[in-house]
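What follows draws every value from the coordinates through simple rules; no lab data is involved. These numbers were taken from a predicted model, which means no experiment stands behind them. Using ideal geometry, Cβ is built from the backbone for each residue, glycine included, and neighbour counts are taken over all protein chains shown.
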Amino acid sequence: YCEQIGLAFQVIDDILDATDGENRDEGKATYPSLYGLQESRAIAHHLMKHARQALEPLGDRGRLLLAFCDYLEERTN
């Protein structure tokens, strides 16, 4: 879970930086600059799917961690 969610956070953060119009990451090696926005979104989705799957054995005890997954995917800034 931690590895998947950590990498997903970075990919999503790179996507948000690339789409905010400020070009903060211009010239840097980010997921969108390497893979494009569409593929970066697919990578983030794939990572989040695996993070959620890692929590399945926890049942209700993983509820808060699942909510964190939802928050990251819905994040806009």
Compute the acute angle (0 to 90°) between the alpha-carbon long axis of helix 2-19 and the principal axis of greatest extent of the alpha-carbon atoms of the chain; round to the nearest 10°. 30
Ordered by packing density, taken as the mean number of other Cβ atoms within 10 Å over each peptide's residues, highest first, how do 63-73, 47-57 rank? 47-57, 63-73
If you take the beta carbon distance between Tyr35 and Asp13 as r and set R0 to 22 Å, what does 1/(1 + (r/R0)^6) give as a FRET efficiency, to the nearest 0.05? 0.95
Going highest first, how would you order 33-43, 10-20 by mean Cβ packing within 10 Å? 10-20, 33-43
What percent do you get for the relative contact order of the chain when only Cα pairs under 8 Å and 6+ apart count? 39
Does anyone have the angle between helix 31-55 and the longest principal axis of the chain? Alpha-carbon axes, 0 to 90°, nearest 10? 10
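Magnitude of the Cβ-charge dipole of the chain, K/R +1 and D/E -1, about the Cα centre, nearest 20 debye?
Values: 8 positive and 14 negative charges, 62 e Å.
Using Cβ point charges on Lys, Arg, Asp and Glu, the chain gives about 300 debye.
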Would you mind listing how long the chain runs along its three principal axes, going by Cα atoms, in whole Å with the largest first? 42, 20, 17
What spacing in nm lies between the two simple spin-label points modelled at Leu66 and Ala42, each 7 Å away from Cα in the Cβ direction? 2.8
